[in-house]
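Accompanying notes for the structure given below.
The values are calculated or read from the model by the stated rules, or taken from the named source; none is laboratory data. In this text the structure is predicted, and so the values were computed from the model without any measurement. Positions of Cβ are backbone-derived with ideal geometry, glycine not excepted, and every protein chain shown enters the neighbour counts. All accessible areas refer to the heavy atoms of the entire protein, side chains included, with ligands and DNA or RNA removed. Shrake-Rupley method; radii C 1.70, N 1.55, O 1.52, S 1.80 Å.
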Amino acid sequence: MNRLRDDVTACPTDDGMVLLDERRGRYWQLNGTGALVLRALLDGATPEEAAALLARTHPVSRDRAAADVAALLEHLTRAGLVTAP
């Protein structure tokens, strides 16, 4: 993932983050964990670095964190919210 598409807006919320796909008029809500991972990725972290951050800050194993990061990236990519690397 390089970045969010130009027509996708990210807004932090008390519980995480909301993404607005302006071309389709759809909202996507991320919980706090998803927002943490997305922020790290947008700040330039690799998926492996984002998984390490998740494992350090939440009670999950590194393998589980890596699987969760991969799943989030897959959902964001399938939804067309991010640009391809």
How large, in percent, is the carbon and sulfur part of the accessible surface of the chain at a probe radius of 1.4 Å?
50 percent
Using only Cα atoms and rounding to the nearest 10 degrees, what angle (0 to 90) does helix 32-42 make with the longest principal axis of the chain?
80 degrees
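With each run of n ≥ 4 DSSP H residues scored as -39500 (n - 2.57), what mean residue ellipticity at 222 nm is computed for the chain after dividing by its residue count and rounding to the nearest 500 deg cm²/dmol?
Only helices count here, giving -14500 deg cm²/dmol.
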Farthest toward the dipole's positive end in the chain, which of GLY80, PRO12, ALA45, given Cβ charges of +1 (Lys, Arg) and -1 (Asp, Glu) about the Cα centre?
GLY80
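Heavy-atom accessible area per residue, region 1-63, 1.4 Å probe: how many Å²? Could you put the intermediate results ahead of the total?
On the way: 4070 Å² over 63 residues.
Heavy-atom SASA per residue in region 1-63 reads 65 Å².
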In degrees from 0 to 90, rounded to the nearest 10, what is the angle of the helix 62-78 Cα long axis to the longest principal axis of the chain?
10 degrees
Give me the dipole magnitude in Debye, nearest 20, for the chain about the Cα centre, with unit charges on the beta carbon: positive for Lys and Arg, negative for Asp and Glu.
120 debye
Can you tell me the 0 to 90 degree angle between the C-alpha axis of helix 47-57 and the longest principal axis of the chain, rounded to 10?
60 degrees
